Amino acid sequence: MTITKYECDDCMKDFLKQLPKCEHHVHLEGTLEPNLLFKLAKRNHITLPSNFPKTEEECRERYNNFADLQDFLDHYYIGMSVLIKEQDFYDLAMSYFKKAHDDGCLHSEVFFDPQGHLERSIELKTVVSGFHKACIDANKKFGTTNKLIMCLLRHLPSSDGLKVIQDSKKYYQNNIIHGLGLDSSEKPFPPRLFENCYNLIHKEFPNVGLTAHAGEEGNYKYVEDSLNLLKVTRIDHGVNSKQSKKLMERLAKDQTLLTICPLSNVKLQVVKDVSELPISLFFNKNIPFSINSDDPAYFGGYILENYIAVHESFGFGVKEWKQISLNGINGSWCSEDRKKELRNKVDEVCEKFGKLISI
Ligand SMILES: [Zn+2]
């Protein structure tokens, strides 16, 4: 029997949906869909600036035309202003967890930007409680496991970062926040500016996971400096690591996970097309990476759409996808027991589809 390309593609999409996925690079504030944004603006009596899109359709139009990372961020911070109460943060996170679950994502490590809320006089407690409650309820409802990673905004001074770390110590102590990250505009704010923040958290909580956005718009040195100065064990984006052979060898040797965001990279003009990303290069060099949605409400796709975009550009088969999925599990900050559970599910799905898909 010959399988038509259409049937094969359909089967492949079904496989990618069922393949157990882990997401390591998604900003909860970046999952704010226009319908929830306008709903919360109304609920909280927020008047959005006059140049902000007025309808969901106008939002979509705006989202299709970001000039670069900064243009997106300018819009993103205005969108955030509708998040006021604990319930708002809960609703936002729950809507993401549901979408991720529908996409076959079984474990998520999600970013949030406390400083973006603190500077609007929203208390840290309000933000963390809402997100934490959603993590617990998503686990009960969907069986997914979820962890919170607090990110520092690199356009703010590190003294501000140190303060938010001090204020969040109790959440790290109580295993409510599990990691520290660094996001926002990359190029003007190199990793060395935040060495003191990372030192502080590492000294007090050596088991907390450390990661940083690096090598998205900045060059490979931003990745090297994040590894050397911030002592991160994971790199968010990291696509510009391709510029240095030595760095790629190091990433492969240490099995440092890169959290790649294909559709985001296209939307923010890092590359013109997903096919330009160094995904095959990293795969062939044994550099582990996961595939993620970054700010899916703004960039046109959640985790599954990102997997499909990679498949359409690189045409990996079951064997390669199995490896990508296992690399994501291995690089996750969940328990060994949970990793074992996820690996078993990967085996099951790959065995089932291995018989159906011959590429
Ligand atoms: Zn990001």
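Rounded to the nearest 0.05, the FRET efficiency derived from the C-beta distance between Ile46 and Asn139 at R0 = 22 Å is 0.10.
Could you sort the peptides 105-114, 51-60 by per-residue average Cβ neighbour count (10 Å cutoff), highest mean leading?
Put in order of decreasing packing, that is 105-114, 51-60.
In this Cβ point-charge picture (+1 for Lys and Arg, -1 for Asp and Glu), the range 242-359 has a dipole of about 400 debye about its Cα centre. Go through Lys17/Lys147; Lys285/Lys319; Lys147/Lys242; Lys99/Lys141; Lys322/Lys345 and tell me which ones have a Cα-Cα distance over 18 Å in this structure. Where the Cα-Cα span goes over 18 Å, the pairs concerned are Lys17/Lys147; Lys147/Lys242.
Each of Ser185 and His155 was given a label point 7 Å from its Cα along the Cα-to-Cβ line. The distance between the two points is 0.5 nm. Once you have a ≥ b ≥ c as the square roots of the Cα gyration tensor eigenvalues for the range 292-359, tell me rounded if a/c is under 1.5, and otherwise prolate or oblate according to whether a/b is larger than b/c. In terms of gyration-tensor shape, oblate.
Convert 37 °C to kelvin, take the viscosity as 0.692 mPa s, use the Kirkwood radius over C-alpha pairs of the range 5-354 as Rh, and evaluate the Stokes-Einstein diffusion coefficient in µm²/s, rounded to a whole number. It would help to have the intermediate numbers written out before the result.
Values: Rh = 20.3 Å.
The Stokes-Einstein estimate is 162 µm²/s.
Suppose R0 equals 56 Å; then what is the FRET efficiency for Arg192 and Asp14 from their Cβ-Cβ distance, rounded to the nearest 0.05?
On the way: r = 46 Å, r/R0 = 0.83.
E(calc), rounded to 0.05, equals 0.75.
Measuring against 23 Å, Cα to Cα, the residue pairs Lys39/Lys133; Lys187/Lys267; Lys187/Lys272; Lys21/Lys42; Lys85/Lys133 contain Lys21/Lys42 as the ones spanning a longer distance.
Sort 294-306, 340-352, 20-32 by the packing proxy (mean of other Cβ within 10 Å over each peptide's residues), most packed first.
Details: 294-306: 24.1, 340-352: 15.8, 20-32: 25.8.
Top to bottom by mean Cβ count within 10 Å: 20-32, 294-306, 340-352.
Judged by the mean number of other Cβ atoms found within 10 Å, the most tightly packed of the peptides 259-268, 150-159 leads the ranking 259-268, 150-159.
Using every pair of distinct Cα positions in the range 33-154, the Kirkwood expression returns a hydrodynamic radius of 15.4 angstrom. With Cβ to Cβ distances under 10 Å as the rule, what net charge do the other residues near Ser313 carry (K, R +1; D, E -1)? Once positives and negatives cancel, what remains is -3. Ligands, DNA and RNA left out, the accessible area of the chain computed with a 1.4 Å probe is 50% carbon and sulfur.
Nearest 20 debye, what's the magnitude of the dipole of the chain about its Cα centre given +1 on Lys and Arg Cβ and -1 on Asp and Glu Cβ? Could the numbers behind the result be given before it?
Working: 46 positive and 50 negative charges, 181 e Å.
With only Lys, Arg, Asp and Glu charged at Cβ, the dipole is about 860 debye.
Summed over the residues of the chain and divided among them, the accessible surface reaches 43 Å² per residue at a probe radius of 1.4 Å.
The values are calculated or read from the model by the stated rules, or taken from the named source; none is laboratory data. Predicted, not measured: the structure shown is a model, and the values here were computed from it. Positions of Cβ are generated from backbone atoms using ideal geometry, with glycine treated the same way; all protein chains shown enter the neighbour counts. Remember, those area values only see protein heavy atoms, side chains included, never the ligands or the DNA or RNA. Shrake-Rupley method; radii C 1.70, N 1.55, O 1.52, S 1.80 Å.
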